[in-house]
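A short write-up of the structure that comes next.
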Amino acid sequence: IGNSVVWVGSDDLAQTLDAVEQTMDSNGAGNFVYAPDIDGLDGLYTDAGVLATVGQPAVGFAAGAVYSFHGGASMTADGAIYWVAGVDLDANGSTDTRAFYRTPDGTAASIERLLAGGDMIDGFIVDDDASGIDFFYQVSEDGAHRIHVLNMEGGTAADGFIWVDDVLAWRENGPTGGGDAWQNFDLVAINANGNYMFTGDTNGAFAIDEFVAYNGTIVVREGDIVDGVILTGPATLRFVSLSDFDQAAYGWGYTGIGGFRETVFFACDANDIPGTSQVVFTTVDDQIDVDGDGVADYAITDLTQTGPTPGRAMGETQFIYAEVALDDGMALTEAMIEVPVTCCGNGVVNPFEDCDDANLEDTDECLSTCIAASCGDGFIWEGMEECDDGNDDDTDECPSSCVEATCGDGFVHAGVEECDDGNTDDDDECLSTCVAAACGDGIVQDGVEECDDGNTDDGDECNADCTLPSAGSTGAADTGLDDTAGEGSGGGSGASGPSTLSAGTADGTGTETETDGDTDSGGVTDGGGGCNCTTGERELPSAWWMGLGLLGLARRRRR
C-alpha cells in the first residue's frame, strides 16, 4: 500500500496462510482483504485477521448451511468488504448455491447477505445452482452503485444478464443495436456516477464478435482500429476499468503484425471511447525505464491482468495500473506498474488539466502541459511577464514578481545593488540610486547625520563626520564701555575712554585739570569742591556727545 509492503502472510503467527488467490483489494488507508487458505481451509483474511472460513454457518441461510468457498473479495473506500461465497445447504461438502455478501465494517458480526440463488429480480429467479452469481462484479468506490453478471433460471441461450443497481439491464439473445444479439457477458466495471462498462461476445461473425460496451452501447469491437492498432481476431478483452471522472482503461489481446500482442488503452472520455482512446503500452513492442536514467530496464512480455478481478486499473489519478510480466534479459518478473497517462493537447479540458488550447506554445496563457500560465512556471508569458526564471529568488535578475530587476522594485539585486527600499526618498538609509546612505554622499540622512556637504573638510559649515561645528565666541567680551562716551564702567576693568573735564582743581584754585580716566565709583570727585563729572552705564547717542564736546570748547574760549 502506497509503494510499501505493509504486511506479509507470515506475520500471522497463529494461522498458516497459503494458496493465495489473485483477487484482493485495499482502501489505501491500511485496510485490506484477500482470500488465502487459512490452516488449509479456504477463507477470507483482512488487516484485522480471519474474517470467514469454509465450514462456518452461512449468514442468511437456514441452520445447517455452511460456507463452501470464499472468493472475489473487494473493498470500497470506506473499508466495506464484498465477496462471493459458495453455500453448502446440507453440509455434505459440496456447493449447492452462491451468495453475495458484504460486511460494512470488515467484521464477521456485521456480515449481511445481499444476493443469493433463488432470489427474484424483475420476474426472473437467480439460478439456485452453483452458477447463479458470477465472479464478474464490481462495486463503485463509494459503494453507491453495483454491477453483476448473473445467470437466471431458464434456457442456457438466454439465461445470462447484466444486473445494474437492482435492475436486469441486458440479457443474452437480446438485440445489441448493431444488427446482432448479446451472446454472453464477461468483464464489468461501474463508477460513482452510475456509468458502467461490460464486455462479452455477440452472435455476429467470429472475427468481430468480441466487444466493449459503455452503458449498453457497443463502442469497440474485435477487428476495429483503435489509435492505429488493428484488433485482429481472434481478439479478447483482458480487463476494463472506469474512473469516477468517466475516463476508461481497457486491455485487448489480439494478433499483431509480429504475432500475439496485448495493448492497454486509455480513453480520455468514456462517452467517446473510440474517439478519445490512446495506446498506453503494447507487450513485446514496448519497454519501461524504472530507474529514470533514460535507458530501458525491462521488456513488457505479458499482460497478466485478466479474469474476473474486481480490482481497478485506474482511479482518480493520472496513472494506469497494470499487472505485467517483465523481462530484463536474465529472468521474468511479475509486477504491478504505474504508467502515466494524459489527455493534454486534445483541445478539451479533461481532469487534471487547467486548460487545453491544443498547441505546444509555452508563451501563451496555457502551457503545453495544460497548466495555466503563471509567474514562476519558468516560461515567459508574452505580454504579461518580463521574465520568468522558475524560482522564487528575489535577489537575481528576475524576482518572483516576474518583472525584471530594477532599482526601486524593493528587491536587492545581488552584486548590482547595495540596497533597495522601493522608494525614491534620499533622506533614509537607502538612496534612490540603490546605494546605501553614507556620510559624504552629499545627502543628509534623517536622524543619523546633522549635515552632509559631500566633502571631508572640517573647516567649513559641516565637519567631515557629518556633524555641525561646535557653537563658540565670535566677538570681544562685554566691558561695560560704549564706543562713544569714554566713561568708566560701573564694574568693569577695561581700557579707559577719552578724558573728561573738571571745573576745578584739588587745591581749589579754580585751575582746569584734565584727567585720563574715570574711577570705578562711576565718576571723578573734586576733593577741593570743584566740578564733579560722572558717567552712568547708559549708552548715550553720538549727537548728544558731540553737543557736550562743543560746550566744553566754548567754555575754554570764555576763560
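Less than 12 Å Cβ to Cβ from G49, Lys/Arg counted +1 and Asp/Glu -1: what total charge do the surrounding residues give? Could you put the intermediate results ahead of the total?
Numbers: positive: none; negative: D11, D12, D47.
Value of the local net charge: -3.
Around T217, under 15 Å between beta carbons, what's the net of Lys plus Arg minus Asp minus Glu among the other residues?
-4
Need the full-extension length gain, V403 to A372, defined as separation in residues times 0.36 nm minus the C-alpha distance. One decimal, nm. Before the final figure, lay out each step's value.
Working: separation 31, 0.36 × 31 = 11.16 nm, distance 1.87 nm.
Gain on stretching V403 to A372: 9.3 nm.
Please work out the FRET efficiency for the pair T107 and I1, using the Cβ-Cβ distance as r and a Förster radius of 22 Å; give the result to the nearest 0.05. Each step should come with its number before you reach the end.
Working: r = 20 Å, r/R0 = 0.92.
Plugging the Cβ-Cβ distance into 1/(1 + (r/R0)^6) gives 0.60.
Using θ = phi - 60° and the Karplus form 6.51 cos²θ - 1.76 cosθ + 1.60, what ³J(HN,Hα) does each residue of region 195-203 get, whole Hz, x for Gly and Pro?
Couplings: 7, 8, 10, 8, 10, x, 10, 9, 8 Hz.
Rg and Dmax of region 128-183, Cα atoms, in Å?
12.4, 36
Okay, which of region 43-70 sit inside 16 Å, backbone N to the point 7 Å along the Cα-Cβ direction of A19?
Residues 43-45, 52-56, 67-70 qualify, since their backbone N sits under 16 Å from the label point.
How do the peptides 123-129, 85-91 rank, highest first, by the average count of neighbouring beta carbon atoms within 10 Å per residue?
On the way: 123-129: 16.0, 85-91: 19.1.
Highest mean packing first, the order is 85-91, 123-129.
Roughly how big is region 137-241's charge dipole about its Cα centre, with Cβ charges of +1 (Lys, Arg) and -1 (Asp, Glu), in debye to the nearest 20? List each step's numbers first, then the result.
Values: 4 positive and 15 negative charges, 13 e Å.
Its charge dipole is roughly 60 debye.
In region 365-423, carbon and sulfur make up what percent of the accessible area (probe 1.4 Å)? Walk me through the numbers before you get to the answer.
On the way: 1670 of 3290 Å².
Using a 1.4 Å probe with all protein chains present, region 365-423 comes out at 51 percent carbon and sulfur.
Using a 1.4 Å probe over the heavy atoms of the protein chains, calculate the carbon and sulfur portion of the accessible area of region 73-122 as a whole percent. Please list the in-between numbers first.
Numbers: 860 of 1870 Å².
Carbon plus sulfur share of accessible area: 46 percent.
Report the full-extension gain for the segment A296 to D354: residue separation times 0.36 nm, less the Cα-Cα distance, to one decimal in nm.
Values: separation 58, 0.36 × 58 = 20.88 nm, distance 3.17 nm.
That pair, A296 and D354, stretches by 17.7 nm at full extension.
Per residue, how much accessible area does region 57-108 have with a 1.4 Å probe, in Å²? The partial results should precede the final answer.
Working: 1760 Å² over 52 residues.
Here the residues of region 57-108 average 34 Å² of exposed surface.
Suppose each label sits 7 Å from its Cα in the direction of the beta carbon; what would the Q287-A91 distance come out to in nanometres?
In this crude spin-label approximation the distance works out to 6.1 nm.
Dipole of region 11-155 (Lys/Arg Cβ +1, Asp/Glu Cβ -1, origin at the Cα centre): which of P104, T53, L150 lies farthest to the positive side?
Among P104, T53, L150, the one farthest towards the positive end of the dipole of region 11-155 is P104.
State the three equivalent ellipsoid semi-axes of region 1-134, derived from the C-alpha gyration tensor as the square roots of 5 times its eigenvalues, in descending order and whole Å. Could the numbers behind the result be given before it?
Numbers: eigenvalues 140, 59, 28 Å².
For region 1-134, the semi-axes come out at 26, 17, 12 Å.
Which three semi-axes in whole Å describe the equivalent ellipsoid of region 292-358, each the square root of 5 times a Cα gyration tensor eigenvalue, listed largest first?
After diagonalising the Cα gyration tensor, the semi-axes are 29, 18, 8 Å.
Set the Förster distance to 22 Å, then compute FRET efficiency between A414 and A438 from the Cβ-Cβ distance, nearest 0.05.
Values: r = 20 Å, r/R0 = 0.90.
The computed FRET efficiency comes out at 0.65.
State the volume of the convex hull built on the alpha-carbon positions of region 341-397, expressed per residue in Å³ and rounded to an integer.
Normalising the Cα hull of region 341-397 by residue number yields 80 Å³.
Quick one: P(r) of region 56-205 from all Cα-Cα pairs, 5 Å bins, percents rounded to integers, in order of increasing distance.
Reading upward from the zero bin: 2, 10, 18, 21, 20, 15, 9, 4, 2, 1, 0.
Go through region 88-95 residue by residue and turn each phi into a ³J(HN,Hα) via Karplus (6.51, -1.76, 1.60, θ = phi - 60°); whole Hz please, and just put x for glycine and proline.
Values, residue by residue: 9, 6, 10, 6, 9, x, 10, 8 Hz.
Tell me, how many Å apart are the Cα centres for region 99-114 and for region 316-392?
42 Å
Give the separation of the Cα centroids, region 118-157 to region 253-290, in Å.
What the calculation gives is 31 Å, centre to centre.
Can you tell me the accessible area per residue over region 253-360, all protein chains present, probe 1.4 angstrom, in square angstrom?
On the way: 5280 Å² over 108 residues.
For region 253-360, the per-residue accessible area is 49 Å².
Classify region 172-290 as rounded, prolate or oblate from the Cα gyration tensor: take a ≥ b ≥ c as the square roots of its eigenvalues, call it rounded if a/c is under 1.5, otherwise prolate when a/b beats b/c and oblate if not.
Values: a/c = 2.06, a/b = 1.17, b/c = 1.75.
Verdict is oblate for region 172-290.
How much accessible area per residue does region 365-432 have, in Å², with a 1.4 Å probe?
Details: 3810 Å² over 68 residues.
Spelled out: the 1.4 Å probe surface of region 365-432, per residue, equals 56 Å².
Taking +1 at the Cβ of each Lys and Arg and -1 at the Cβ of each Asp and Glu, which of A130, G117, W163 sits farthest along the dipole of region 103-206 towards its positive end, judged by Cα position relative to the Cα centre?
Positive-most Cα among the choices belongs to W163.
State to the nearest 20 debye the size of the charge dipole of region 1-74 about its Cα centre, where the only charges are +1 on K and R beta carbons and -1 on D and E beta carbons.
Working: 0 positive and 9 negative charges, 42 e Å.
In total the dipole reaches around 200 debye.
Quote the charge dipole size of region 1-124 about the Cα centre in Debye, to the nearest 20; the model charges only the Cβ of Lys and Arg (+1) and of Asp and Glu (-1). Before the final figure, lay out each step's value.
Details: 3 positive and 17 negative charges, 39 e Å.
About 180 debye.
The values are calculated or read from the model by the stated rules, or taken from the named source; none is laboratory data. Keep in mind that this is a model prediction, so the values were computed, not measured. Reconstructed Cβ throughout: ideal geometry from the backbone, glycine too, with neighbour counts over all protein chains shown. Ligands, DNA and RNA are excluded from the accessible area calculation, which covers all protein heavy atoms including side chains. Shrake-Rupley method; radii C 1.70, N 1.55, O 1.52, S 1.80 Å.
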